[in-house]
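Each reported figure results from applying straightforward, stated rules to the coordinates on display, with no laboratory input. Note that the structure is a prediction, hence the values are computed from the model and not measured. Here the Cβ positions follow ideal geometry from the backbone for every residue, glycine too, while neighbour counts run over all protein chains shown.
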Amino acid sequence: MSGTAMIEAHDLRKSFGSTVALDGVDLQVPGGSILGMLGPNGAGKTTAVRILTTLALPDGGSARVAGYDVLTEPAAVQRNIGVTAQDATLDEVLTGMQNLVLIGRLSGLRRTQARARATELLDQFELTDAAERVLKEYSGGMRRRLDLAAGLVTRPPVLFLDEPTTGLDPTSRVRMWGVIRELVADGVTLLLTTQYLDEADELADRIVVIDHGKVIAGGTAAELKKQVGGARLELTLSVADPAASAALSSLVDGPVHTSHDGRRLRAAVSAGAGLASTLVRALDAAGITVDDVEVHQPSLDDVFLALTGHDSDDPATAVEPAGSDADLEITRT
Amino acid sequence: MNTNTAAERPRGALQRVRDVAALTGRNLVHIKREPLQLSDVTVQPVLFTLLFVYVFGSGVVLPGGGTYKDFAIAGLLAMNLTTSAMGTAVGLSTDLSSGVIDRFRTLPMWRPAVLVARSLADLMTAAICASFVAITGLAIGWRPDAGIASIAAGFAIFLLFSYAISWGCACLGMASKSPESAQGVGLVILFPLAIVSNALVPTEHMPTLLQDLANWNPVSAVTAASRRLLGNPNPSAAIHAWPMQHPLLASTIWSLALIAIFAPLASHLYRRRTTN
């Protein structure tokens, strides 16, 4: 199926009262690939997924999933998709096994087939020990894994995962990523929404950035990074020195941002051979000592900040320790 | 590896039946595992039966004779089945406020199965509830005085009514914003419905307005019909109001009318509630 689009949407529009959730969204997901839909809370990601999975009707536009029109052939779409929604969508009162069997039976499997498939999935997701436990007793990570398993009962060719790792601890997230990667190795087409930039970078073949109900950028992770431009320099001085900015200004692109304590500096740079040495020598010549210097290739964080105009110019937030980027959750302020 | 997928399956009437069966089973598991719902159909009927028979029974004198015990069991069936119909409202409202209905809606299943399965599961719990009342009654000395077919009809008329009420409660569940509000509103409607009737006391000594309400209350028609079928004391037979003179016909009309109104309304509300 690769090559032809398994998920395609054209000019999807949806409003709730005066709130515009989707303002003309176009999507193309070729068979066997993963599209990461990246955006903050309220950007319209969930609404798009709800329309594509037949849960909501668009006000305008059209969409086809697995070759079927979501508006006129919802039953055919439903037979070809698996959905893992953001909210709890499994039955709290049933056991893990009962949940999967129920979904199997409602998808058209006979009781024995549904049971066999459930057993297989519980094993695959390392939930066999919890099979007979009521869902209320599951941890967040176990629940998400079961939720994902529930989407796979009929081995659908198209999967929708709406924020599959939101709210999970880092270990469970990494485990979930492993599970998702395995799925795609089997050739399913996947649309994944996420607020986590590293997650999209990690899993998706292509990424669309969505904000205020519009796709504001799209491409591979590398293409998006290129769109944002150069690398980013972060320097930590031994002691604050107002002369540092001037010493650097001819070597960087644009303004130098200084943190409140004056010790940490940040600026855009054009990465090239020997750049770090050149920078340190320039500061040395000005009598300024450097504790730490880092040149970052642009991350998806930078992409997102640049595209949405999120508060990226504020020096207080701009000079975050680099390590925190991985856990940065974008929320609208 | 098993290669059967739903994509290859035809979706006929048989599959609809399977969808309903799967969901009915799921609802019954809920009732079994939720202590409050379970006690509504097990502990409560026993407790109410004992309390009413021994507390009220000591003070009520039946016009036309007969023991309160023989009079009360049909009334207790009516009261317990009416109030336990609330489970439908609370259950549906709970499902709608969680994401579970959304999950069902992404499956290639028969959409009305959610409602049909709910009403069937509630019919089964109503049967359990009725059995608890009957067994408690038999244990303390209540005796039906009729043929087996007539006794069976006496219970069937309750179950039909209970099924009808649960469609009304399904509407309530879908119109409510939360399970709590469904329960609150349900109590306000169902308790007076059960109490302002001939179920627990003869209506002769009620104030005129209440007497009229009670005589035309569907619960009274159902109770009177059942008393007649069970061969138990039925003082309402002396009342001239039409439903009390024709309780069998009246209760059947009531039940069918309630189903005719509330089942389509429920499916309309369901569609509205799950489309956005």
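A simple spin-label model places the labels of residue B:146 and residue B:249 1.7 nm from each other, with each point 7 Å out along Cα-to-Cβ.
Hey, how much of the P(r) for chain B falls beyond 27 Å, as a percent of Cα pairs? The proportion of pairs with Cα distances above 27 Å equals 41 percent. Across chain A, the mean sequence separation of Cα contacts (distance under 8 Å, 6 or more residues apart), normalised by length, yields a relative contact order of 19 percent. Taking every Cα-Cα distance in the range A:5-226 and sorting them into 5 Å bins from zero, the calculated P(r) comes out as 1, 7, 15, 19, 20, 16, 12, 7, 3, 0, 0 percent.
Among the DSSP helices (H) of chain B, those spanning at least 20 angstrom by Cα along their long axis with an average Kyte-Doolittle hydropathy of 0.5 or more are B:68-84, B:113-139, B:148-175, B:179-195, B:247-273; this is a geometric and hydropathy rule only. For the Cα trace of the range B:118-159, dividing Rg by the Kirkwood Rh returns an Rg/Rh value of 1.03. A P(r) calculated from all alpha carbon pairs of the protein assembly as shown, with 20 Å bins opening at zero, reads 18, 37, 26, 14, 5, 1 percent. Farthest toward the positive end of the dipole of the range B:142-231, out of B:198, B:155, B:165, is the Cα of B:155, where the dipole comes from beta carbon charges about the Cα centre. Judged by the mean number of other Cβ atoms found within 10 Å, the most tightly packed of the peptides B:46-54, B:80-88 leads the ranking B:80-88, B:46-54. For the peptide A:51-59, the mean number of other protein chain Cβ atoms found within 10 angstrom of a residue's Cβ is 2.
May I ask you to compute the full-extension gain from residue A:129 to residue A:220, defined as 0.36 nm times their residue separation minus their alpha-carbon distance, rounded to one decimal in nm? Mind showing how you got there, number by number?
Numbers: separation 91, 0.36 × 91 = 32.76 nm, distance 3.93 nm.
Length gained between residue A:129 and residue A:220: 28.8 nm.
Computed from label points 7 Å out along Cα-Cβ, the spacing between residue B:127 and residue B:181 is 3.5 nm. Counting Cβ atoms of other protein chains within 10 Å of each Cβ in A:293-299 and taking the mean gives 0. Put a plus charge on the Cβ of each Lys and Arg, a minus charge on the Cβ of each Asp and Glu, and nothing anywhere else: the dipole of the protein assembly as shown about its Cα centre is then about 3080 debye. Taking a straight Cα-Cα cut-off under 18 Å and skipping sequence neighbours fewer than 8 places away in the same chain, the lysines within cross-link reach of residue A:214 are A:14, A:45. List the residues of the range A:95-118 whose backbone N lies under 20 Å from a point placed 7 Å from the Cα of residue B:21 along the Cα-to-Cβ direction. What the label zone holds, given the 20 Å backbone N cut-off, is A:98-118.
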